[in-house]
Amino acid sequence: MKIQYAVKNAFANKFLAEASDDDRRFTPNRMYIFRVCNAVYEMALFDTKAEAIKAYEQSYPSPYNETGIIVEMILHDE
C-alpha cells in the first residue's frame, strides 16, 4: 500500500493534472490544470503534502471557480 496526495476541486469532480500544450496557449508557464479524472493515473499525484501545495500554486487557479483541497490517496496493489 502506498499513500500519495492529490489536489481536488472542492466543488466539482475535478483533480489537478499536468497541463497540455493547449492549456499553455494563454499561460505558457502553467504546469498543472484542473480536469475531470476518472482514474488515478489521470491525476497528478504527489509524494508529500508540500509537493501538492506547490503544484496547486503553479496551477494558476481562478479565484472564481477553482478552490482546491488536498486529499490523501491510498493506493494498493490488487
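The values are calculated or read from the model by the stated rules, or taken from the named source; none is laboratory data. Keep in mind it's a predicted model, so treat the numbers as computed, not measured. Reconstructed Cβ throughout: ideal geometry from the backbone, glycine too, with neighbour counts over all protein chains shown. We work out accessible area using only protein heavy atoms, side chains counted, and drop any ligands, DNA or RNA first. Shrake-Rupley method; radii C 1.70, N 1.55, O 1.52, S 1.80 Å.
Values computed for the structure shown
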read-out	value
Residue selected from region 57-69 under the condition among the small types (G, A, S) and at pLDDT 70 or above, by the criterion most open to solvent (accessible area, probe 1.4 Å)	G68
Meets criteria (assigned to a loop (DSSP other than H, G, I, E, B), in contact (Cβ under 8 Å) with a residue 40 or more places away in the chain and either open to solvent by less than 50 Å² (accessible area, probe 1.4 Å) or more than 16 Å from L75 (Cβ to Cβ) (or both)) for F11	yes
Contacts under 9 angstrom Cβ, first residue in region 41-58 being farther than 16 Å from I3 by Cβ, partner modelled with pLDDT under 90 and in a loop (DSSP other than H, G, I, E, B), 6 or more apart	A55/M31; Q58/N29; Q58/R30; Q58/M31
Residue among E72, E18 that is under 22 Å from M1 (Cβ atoms) and at pLDDT 85 or above	E72
Pick from region 21-56, criterion modelled with pLDDT of 90 or more and farther than 24 Å from I74 by Cβ, ranking: least open to solvent (accessible area, probe 1.4 Å)	D22
